[in-house]
Amino acid sequence: MNRLLKLTQQWKADNLLMPIWVEENHLCMIDQRKLPHKTEILEITQVDQLAKGIKDMAIRGSGAIGIAGVYGMLLASRISGGKKEDVILAGKKLKSTRPTAVNLSKTVDNLSKFAESCSEDRFYEEFMEKACDVLEEQLNFEKELGRYGAEIINDGDSILTHCHSGALAGSGFGGRALSVIRTAFLEGKNIHVYCCETRPYLQGARITAYELEKFGIPHTLITDGMSGYLMRIGKINKVVVGSDRVASNGDLINKVGTYMHALAAKENGIPFYTATSSHTIDFSLERGMDIDVEYRPEYEVTHLDGKLITTENTRALYPAFDVTPNEMINGIISEEGIIRAPYLTQLLRLKK
Ligand code: RUB
């Protein structure tokens, strides 16, 4: 049995909540559009099928689409019998699916560069080894950042989180924000999570709440507009969110609505943290506002479960992410520890 199948067996034995994984001769992926009421597993046998799954958000979340890039390139290697050019082409296809989260593009670029350096005759084996290293590393990042992040979680905290930055948005332990929260909970801290529903895809209502329930972590679902008032009346005393991309100056690109929570946190003197990992930092991006924010179809705002929730003629706008200025962030939690301002210099600790 090859190393990846052995690793997958171990991850299943460890009860990791994996968004995507390998079986004998295909990939399996949970269709996150169907959660929490249905756990539908999609069988992926072609790269184009996986690319469509990322674009249509059957799999989503910066960490999860990053590892989907790894699995997609491995699938191309298997289908082509280890042809370098097919693997690199697969990477290009997968990269083009969603532009904002940097994990996918960074992971594909790194693996493509590695593929170029592989020998022709041992490409399949060498590429498989590297891909396994990347998958193991990203899971370890989650556990490490969870350990560091739990240091800023105190007994009795009520923590706001937004969108879904958890196991199904990562490698199966807890992604980024939920790795911090889950680790603090496992350390025995008495915490409560307020999870924002996160319109219109409802990552919070459908996936974060689902995971918190699985982890046995007390939580309350709120709508996105409630955070400010709940901070003001003292129901929320900390914010921990994930990250799709962090600019070199510490500006945070995350699910739209994050910026509003940061504004409310600043106004109410509440600490605001983002959990990230080195492969989410974009050192080529000077400022967050220079980013290419993905706009998704209006339909996703005007319809809920396929039902029109507004008038026939009403138009909609859906920037899928927003930008939180670094001066509103108390700390950036990473696998190397908690990074504090000045981020321009301090983030260099994550440059690998
Ligand atoms: C998901 C989202 C998550 C980040 C963080 O957006 O913005 O907060 O991806 O994930 P979408 P993590 O559902 O549109 O992909 O920090 O766990 O990687």
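The values are calculated or read from the model by the stated rules, or taken from the named source; none is laboratory data. Predicted, not measured: the structure shown is a model, and the values here were computed from it. Here Cβ is always computed from backbone atoms with ideal geometry, including for glycine, and neighbour counts include all displayed protein chains. For accessibility, only protein heavy atoms count, side chains too; no ligands or nucleic acids. Shrake-Rupley method; radii C 1.70, N 1.55, O 1.52, S 1.80 Å.
What to note about this one:
- Summary value for the chain: 15 percent relative contact order, contacts being C-alpha pairs under 8 angstrom separated by 6+ residues.
- Within the accessible area of the range 2-143 (1.4 Å probe), percent carbon and sulfur: 50 percent
- At a probe radius of 1.4 angstrom, the accessible area of the chain per residue rounds to 42 square angstrom.
- Computed with every protein chain present, the accessible area of ILE41 is close to 80 Å² [probe 1.4 Å].
- Area of SER105 that stays accessible when all protein chains are in place (1.4 Å probe, Å², to 10): 30 Å²
- Solvent-accessible area of the range 153-351 (1.4 angstrom probe, protein heavy atoms only): carbon and sulfur portion equals 52 percent.
- Between ASP109 and ASN140, full extension at 0.36 nm per residue minus the direct alpha carbon distance yields a gain of 9.1 nm.
- Largest to smallest accessible area among ASP121, ASP305, ASP322, ASP292 [probe 1.4 Å]: ASP305, ASP121, ASP292, ASP322
- Taken as entire DSSP H runs, the helices of the chain that both span 30 Å or more between Cα atoms along their own long axis and average -1.0 or more on the Kyte-Doolittle scale are 123-150.
- Remark: relative contact order (the range 274-352) = 38 percent; criterion is Cα-Cα distance under 8 angstrom and separation of 6 or more residues.
- Cα gyration tensor of the range 2-143 - equivalent ellipsoid semi-axes, whole Å, descending: 22, 17, 14
- Distance from the alpha carbon centroid of the range 304-352 to that of the range 101-132 works out to 28 angstrom.
- SER248 accessible area, assembled protein chains, probe 1.4 Å, Å²: 20 Å²
- Modelled FRET efficiency - R0 35 Å, THR310 with TYR229, Cβ distances, 0.05 increments: 0.90
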